[in-house]
Amino acid sequence: MTSWVAIIATFACAWATLALALRAGWAARLALDAPNARSLHLRPTPRAGGLLTLPWALAAGSLLAGEYRVPIVLAAALCAFSFIDDRAGLPAGLRLLVHLGLSATAMYLTDASGWPLVIALTLALTWMVNLFNFMDGADGLAGGMAAIGFAACGAAAAAAGDGDLARLSFCVTAAASAFLAFNFPPARIFMGDAGSTTLGFLAGALGILGWQRGVWPAWFSVLVFLPFIADATATLIRRALRGERLWQAHREHCYQKLVRMGWPHRRLAIAAYILMAACAGGALALRNAPVPVQVAGLSAAVLIHAAIMIATGVKWRASQGRPGQ
């Protein structure tokens, strides 16, 4: 009962903090998102949603999930650093260096055997930090991914008997749900880098730790968060092949193209939630299935995402009057 009270309190405190910040007007004074080359919005909007909600989840998690205090502390450090970036704007090189450093620290302190695995997991976690940030560009998208994804992680951890991981995951779900109440289209506040990078770090770190502790298979959190991973990774590869500067702002993700082709943010969010829920449900259903069934399910998920991205690309090129590339 105490755990559920704390999780519900996390939601209530995060929701009340956002409501007060927006009503009093100081959310905009903390950090304001001015439209740029990457934006799908036309008006300046507060972007302190992550800062105002995630600390409640991290505080509750530190009390409820003693086994996971290291990633909680590192996530808090990343949240604070990213808020500085939200306020002042920091060089891309410095941001990447900090992301690598925090990710390396998290992976070094895990049970990974050997430096090659530590390095590989560090790079994977750093990419998760950044891809969650890249995908936070439309109303309701990142908040919905976090609420659905961490709820699935919490359910899987609870079923596997890892109470600490379940409680921490549900605390993050509660904070993300509170944020989503103000970010669902039309959004009144954005998450900001303090929110998106921290959620990406937690998704990656807890996914890896859950795998190493036998809570779920290695692929579990990849499938849970596949809608974000697939879009961000495919876009990065395309831009790299075209020789573009990967760190520059852009609007080339599939979700961005859909909005630019006329999809309302609400329609995009609802479609994304259906896909996210399907991936989360599939991961939960497959995690204890025979290996051939797991392979078939994962292959189907990859093919479905590939088909969605290809279809989006074809429609995008047609809308721009350009031949296929």
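Of note:
- Annotation note: Cβ proximity below 7 Å between a residue of region 295-308 that is under 17 Å from Leu284 (Cβ atoms) and a residue that is at pLDDT 95 or above and surrounded by 13 or more Cβ atoms within 10 Å (Cβ to Cβ) (sequence gap 6+ or interchain) occurs for Gly297/Gly282; Gly297/Leu286; Leu298/Trp219; Leu298/Leu223; Ala301/Leu223; Ala301/Leu226; Ala301/Cys279; Ala301/Gly282.
- Against the conditions (1) under 20 Å from the mean Cα position of the chain (by Cα); (2) surrounded by 15 or more Cβ atoms within 10 Å (Cβ to Cβ); (3) of a type in the set (A, V, I, L, M, F, W, C), Val302 satisfies every one except (2).
- Residues of region 262-271 include at least one that is under 25 Å from Gly50 (Cβ atoms) and buried (at least 22 other Cβ atoms within 10 Å of the Cβ).
- Of the residues making up region 30-80, those that are modelled with pLDDT under 90, open to solvent by 40 Å² or more (accessible area, probe 1.4 Å) and part of a helix (DSSP H, G or I) number 1.
- Test result for Val314, aliphatic (A, V, I, L, M), outside any loop (DSSP other than H, G, I, E, B) and closer than 23 Å to Ala147 by Cα: no
- In a residue-by-residue description of region 228-248, the property of being open to solvent by less than 60 Å² (accessible area, probe 1.4 Å), out of contact with any helix residue (DSSP H, G or I) (no Cβ under 7 Å at 6 or more places or on another chain) and outside any helix (DSSP H, G or I) applies to no position.
- Of all residues making up region 278-295, the number that are under 15 Å from Ala159 (Cα atoms), of a type outside the set (A, V, I, L, M, F, W, C) and open to solvent by 70 Å² or more (accessible area, probe 1.4 Å): 1
- Residues of region 213-224 classified as open to solvent by 50 Å² or more (accessible area, probe 1.4 Å) and assigned to a helix (DSSP H, G or I), total: 1
- Where a residue in region 215-231 is farther than 27 Å from Ala138 by Cβ and its partner, wherever it lies, is in a helix (DSSP H, G or I) and open to solvent by less than 20 Å² (accessible area, probe 1.4 Å), with Cβ under 6 Å and at least six apart: Val215/Ala157; Trp216/Ala156; Trp216/Gly210
- Residue within region 194-210 that is farther than 21 Å from Pro227 by Cβ and in a helix (DSSP H, G or I) present: yes
- Comparison of Gly200, Gly192 shows that the only residue that is open to solvent by less than 40 Å² (accessible area, probe 1.4 Å) and at positive phi is Gly192.
The values are calculated or read from the model by the stated rules, or taken from the named source; none is laboratory data. Here the structure is a predicted model, which means the values were calculated and not measured. With ideal geometry, Cβ positions are generated from the backbone for all residues, glycine too; neighbour counts draw on all protein chains shown. For accessibility, only protein heavy atoms count, side chains too; no ligands or nucleic acids. Shrake-Rupley method; radii C 1.70, N 1.55, O 1.52, S 1.80 Å.
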